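Please find one structure pasted underneath; my questions will follow.
The values are calculated or read from the model by the stated rules, or taken from the named source; none is laboratory data. A quick note: this is a predicted structure, and the numbers were derived from the prediction, not measured. FYI the Cβ positions are ideal-geometry reconstructions off the backbone, even for glycines, and counts take in every protein chain you see. Each accessible area value is taken on the protein alone, full model and side chains, heavy atoms only, with ligands, DNA and RNA left out. Shrake-Rupley method; radii C 1.70, N 1.55, O 1.52, S 1.80 Å.
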Amino acid sequence: MTIERVEMALLKLPYVHFFETSFGREYDRTFIIVRVYEDGVCGFGEVVAEAAPLYSGETTEGAWHVLRTFLIPMVFKDDITEPEDFYKKARCFRGNLMAKAGLELAFWDLKAKKAGVPLKRLYGGVRDEIEAGVSCGIEDSLPDLVARVGAYLEQGYRRVKIKIKPGWDVAACAAVRQKYPDILLQVDANGAYSLADMETLKKLDAFNLLLVEQPFPPYDLWDHAKLQKEMRTPLCLDESILSLDTARAAVEMGSCRIINIKVGRVGGAVEMRKIHDYCQEHGVPVWCGGMLESGIGRAHNLHIATLPNFKLPHDLSASRRYYKEDLIDPFIELSGPGTIRVPEGPGIGVHPVEERIRRATLKTEVYK
Ligand code: OSB
Ligand code: MG
């Protein structure tokens with residue numbers, strides 16, 4: 001068999017509520033949907049690069065360029081049909097991990113659909129439902145933040161993450177903790193601090209947090225190790241972990257005790273598995289991070305979060321937390337209190353709705 005066609009679409013969807021991090025405030029999401037067709041079966045993937053190179057050096061337009069110029073032509077030239085083969089061949093190109101992951105995930109969905117099994121079966125998943133968490137952005141005021149946390153708790157989320165930055169950290173934790181002393185709470189700085197902020201960061205130990213995520217910039221593994229020695233709360237790395245090698249360096253150096261795995265950030269599900277297995281062998285729990293994906297990328301994440309060492313609640317929330325018109329049917333919803341059931345159909349197990357995709361599409365390209 002051989003791939004008949006690859007399609008890319010650039011989409012833009014407005015958020016239900018703006019999302020502010022230490023990088024700034026965003027009102028919508030631009031992303032790429034990739035489709036691969038073989039024998040009438042279609043596999044879907046999502047490229048999680050954002051419009052601006054803030055979280056990562058990749059961008060949607062940069063990923064588009066790399067996909068159309070290098071990765072998609074490679075698929076046809078080398079007659080690639082399997083995700084594992086794509087992973088091996090794509091390694092000849094450096095970086096561009098989110099671009100690679102989007103296409104690799106489309107191959108995984110295709111492979112599972114051809115086999116007629118849910119994707120989690122190919123990954124070796126061990127769960128039918130996963131623990132949902134919610135990521136709360138920076139708000140205009142502390143009362144706004146506490147109200148938003150309260151609304152999410154009412155919807156059933158049992159774990160809350162709040163975004164922090166210098167000036168919106170200790171007081172934000174204090175405000176949420178005062179109202180909700182017992183919830184599972186964690187914070188994410190997206191690299192906004194440096195060693196000079198050690199005293200502020202140490203104050204976070206007072207709030208019984210599950211973890212502090214990415215306090216320093218991505219390449220500061222060494223400074224993270226220094227901070228971890230000074231803090232009781234486990235550090236968790238997100239942006240710093242790009243591969244098995246960076247995960248191993250972080251664990252060996254003591255830069256973190258927990259790892260956030262995002263399949264897009266590490267270049268696909270093959271690398272995701274390697275990091276997962278290494279962490280499992282070394283007693284380092286992982287959880288599934290999110291990139292405010294559409295339902296297509298989020299469905300992929302649900303299957304990934306079924307692997308055995310995904311042990312903490314995830315940044316995986318219901319469709320309506322992100323988008324009024326998610327791209328899939330049915331929408332992703334909370335099933336029990338704070339859990340989401342993993343779709344049971346073949347592949348990612350959700351149905352992308354063509355009409356909604358078309359309405360959100362800025363441009364498309366077909367390759368054959
Ligand atoms: O750092 O985890 C992050 C969203 C975009 C970019 C980076 C991050 C996030 C989130 C949202 O925290 C997680 C989600 O998708 O719910
Ligand atoms: Mg993060």
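Tell me, what is the FRET efficiency for A174 and K229 to the nearest 0.05, using R0 = 30 angstrom and their Cβ-Cβ distance as r?
0.75
In addition: Of M98, T59, P83, which is farthest towards the positive pole of region 56-140's charge dipole, taken about the Cα centre with +1 and -1 on the beta-carbons of Lys, Arg and Asp, Glu respectively?
Working it through, the farthest residue towards the positive pole turns out to be P83.
Report, please, the projected area of region 180-312 averaged over directions, based on the convex hull of its C-alpha atoms, in nm².
With every direction weighted equally, the projected area is 8.2 nm².
Treating the beta-carbon of each Lys and Arg as +1 and of each Asp and Glu as -1, no other charges, what is the dipole magnitude of region 224-293 about its Cα centre, to the nearest 20 debye? Write down the numbers at each step before the final one.
Numbers: 9 positive and 9 negative charges, 37 e Å.
Roughly 180 debye, rounded to the nearest 20.
If you don't mind, there's one more thing I want to ask. Quote the charge dipole size of the chain about the Cα centre in Debye, to the nearest 20; the model charges only the Cβ of Lys and Arg (+1) and of Asp and Glu (-1).
Dipole of the chain, to the nearest 20 debye: 200 debye.
Can you classify region 155-256 as rounded, prolate or oblate using the Cα gyration tensor, where a ≥ b ≥ c are the square roots of its eigenvalues, rounded means a/c under 1.5, and otherwise it's prolate if a/b beats b/c and oblate if not? Numbers along the way, then the final one.
On the way: a/c = 2.05, a/b = 1.56, b/c = 1.31.
It comes out prolate by the Cα gyration axes.
Check the straight Cα-Cα distances from K363 and name the lysines below 29 Å, setting aside those fewer than 8 residues away within the same chain.
Leaving aside lysines fewer than 8 places away in the same chain, those within reach of K363 are K12, K77, K89, K100, K111, K113, K114, K262, K324.
Further, regarding this structure: Label-point separation (nm) for E333 and D144, each offset 7 Å from Cα along Cα-to-Cβ?
Calculated label separation equals 3.0 nm.
Hey, another quick one. How charged is the neighbourhood of V16? Take every other residue with its Cβ under 13 Å from the Cβ of V16, and add Lys/Arg as +1 and Asp/Glu as -1.
Details: positive: R29, R148, R320, R321, K324; negative: E26, D28, E325, D326.
After counting each charged neighbour, the total is +1.
Looking at the square roots a ≥ b ≥ c of the eigenvalues of the Cα gyration tensor of region 122-215, which shape do they give, rounded for a/c under 1.5, prolate if a/b is larger than b/c, or oblate?
Since a/c reaches 1.5 but b/c is at least a/b, the shape of region 122-215 is classed as oblate.
Hey, if you put +1 on the Cβ of every Lys and Arg and -1 on every Asp and Glu Cβ in region 100-156, which of V134, L122, V146 ends up farthest toward the positive end of that dipole?
The Cα lying farthest towards the positive end belongs to L122.
What does the highest-first list of 108-121, 260-273, 63-76 look like by mean Cβ count within 10 Å?
By packing density, highest mean first, the sequence is 260-273, 108-121, 63-76.
Can I ask one more? What list of ³J(HN,Hα) couplings, whole Hz, do you get for region 154-161 from phi and the Karplus terms 6.51, -1.76, 1.60, once you set θ to phi - 60° and write x for glycine and proline?
So the J values, rounded to whole Hz, are 5, 6, x, 5, 9, 10, 10, 10.
Still on this structure: Take the Cα of A206, step 7 Å along the line toward its Cβ, and report every residue of region 165-195 whose backbone nitrogen sits under 14 Å from that point.
169-178, by backbone N distance to the label point.
Over the Cα atoms of the chain, Rg to Rh with Kirkwood Rh, two decimal places?
With Rg and the Kirkwood Rh in hand, the quotient comes to 0.95.
Another one. Between rounded, prolate and oblate, where does region 241-354 land on the alpha carbon gyration tensor, with a ≥ b ≥ c its root eigenvalues, rounded for a/c under 1.5, else prolate if a/b exceeds b/c?
prolate
Using a 1.4 Å probe, how large is the accessible area of S194, given in Å² and rounded to the nearest 10?
Estimated to the nearest 10 Å², S194 gives 50 Å².
I've got another one for you. Provide the net charge surrounding L327, with neighbours chosen by a C-beta distance below 11 Å and charges set as Lys +1, Arg +1, Asp -1, Glu -1.
Spelling it out: positives minus negatives among the neighbours equals -3.
Tell me, what is the Rg over Rh of region 35-148, with Rh the Kirkwood radius over Cα pairs?
1.09
Continuing with this model, one more query. If contacts are Cα pairs under 8 angstrom and at least 6 residues apart, what is the relative contact order of region 322-368 in percent?
It rounds to 41 percent for region 322-368.
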